[in-house]
Amino acid sequence: MALEVILFWICSVTSVVAALFVILHRNPILSALALLASLFAVAGLFITLQAPFLAAIQILIYAGAVMVLFIFVIMLLNLQKDPERFAPQGVPVTLRFALGLWVFIGLSIPILWTAFTWAMPPTPGAYSVSHLAELLFDQYLLPFELTSFLLLVAMVGGVVLAKKS
Amino acid sequence: MIGLTHYLMLSSILFSLGVLGVLLRRNLLIIFMSIELMLNSVNLAWVSIANFSNRLDGQIFVFFVITVAAAEAAVGLALIISIFRLKPTTHIDELNQLKG
């Protein structure tokens, strides 16, 4: 039990610090690497939430495929450091900070007000991937098939958009 | 003791950081990464609620969110490449014309 608490705090602090790095650093490559660290930390949180298969999927797809795509595009476009971090023109920066803070307050107040009396931690060791597979291939079969179609459309779209005309 | 509130608060912090990234930064790729951050925080909320309510449906939804995020990344990065070919910048304030 104590191990779970330690893992939660390590992973949550890592993910928040890495997310701050993503949005504040001027070098896009370092932002991408910080996003990678944040995704890994969330995968660790999935393990504390007894979803080890999702943690593996998170690392394989997000950290593996999507981040490679990001870093590949940054290197292809040969992006340098941004000259300025926040654009001075347009809406003032303080107003943008205030808007972000407003979103945070609006999200956190309902969470802190709700008691979550139904929330019970499940018995450890009850997790099995086969339950997930039964649910995915039985009750959620149609969305699963639609997902494959979505991936096909995205693949064709990516090829067509990035092709030289 | 770590409860559901901890996980949901962490999720809301990560989501707000993503929103802040979209609002503050003017680099197209950083904005894109902030969107990934927001999708990821929503995944965390799904998994924590699925865990604490003893149901697996939330985890199934995370599969779909991850798939949609991957598709979105592929199409979005292709769009960024084709925009960059038209006008070599990723600064969104310079991309303000309807006609290329």
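Size descriptors for chain B, from the alpha-carbon set: Rg then Dmax equal 16.9, 57 Å.
Only alpha carbons enter this Debye calculation for the protein assembly as shown, each as an equal point scatterer, and the log10 of I(q)/I(0) it gives at q = 0.07, 0.13 Å⁻¹ is -0.27, -0.89.
The label-point distance for residue B:99 and residue A:17, in a model that sets each label 7 Å from Cα toward Cβ, rounds to 5.2 nm.
For the residues A:96, B:25, what sequence is obtained by ranking on other C-beta atoms within 10 Å, fewest first?
Details: A:96 19, B:25 26.
With the sparsest Cβ surroundings first, the list reads A:96, B:25.
Annotation: the residues B:6, A:131, A:25, sorted from fewest to most other C-beta atoms within 10 Å of their own C-beta, follow the order A:131, B:6, A:25.
Each label was represented as a point 7 Å from its Cα along the Cα-to-Cβ direction; for residue A:91 and residue A:155 these points are 3.9 nm apart.
For chymotrypsin sites (Phe, Trp or Tyr not before Pro), no site in segment A:1-102 is both called loop by DSSP and has at most 13 other Cβ atoms within 10 Å.
Computed over the protein assembly as shown, the per-residue total of -39500 (n - 2.57) for DSSP H runs of n ≥ 4 gives a 222 nm mean residue ellipticity of -24500 deg cm²/dmol, rounded to 500. A simple rule links phi to the HN-Hα coupling: the Karplus curve 6.51 cos²θ - 1.76 cosθ + 1.60 with θ = phi - 60°, which for segment A:15-27 gives 5, 5, 5, 5, 5, 4, 4, 4, 8, 10, 7, 8, 8 Hz, with x for Gly and Pro.
Under the 0.36 nm per residue contour assumption, what length would be gained going from the current alpha-carbon distance of residue A:5 and residue A:141 to full extension?
Full-extension gain reported as 45.4 nm.
None of the figures in this text is laboratory data; all of them are computed from the coordinates on show. Every value quoted in this text rests on a predicted model; they were computed, and no experiment measured them. Cβ: placed from backbone, ideal geometry, glycine included. Neighbour counts: every protein chain shown.
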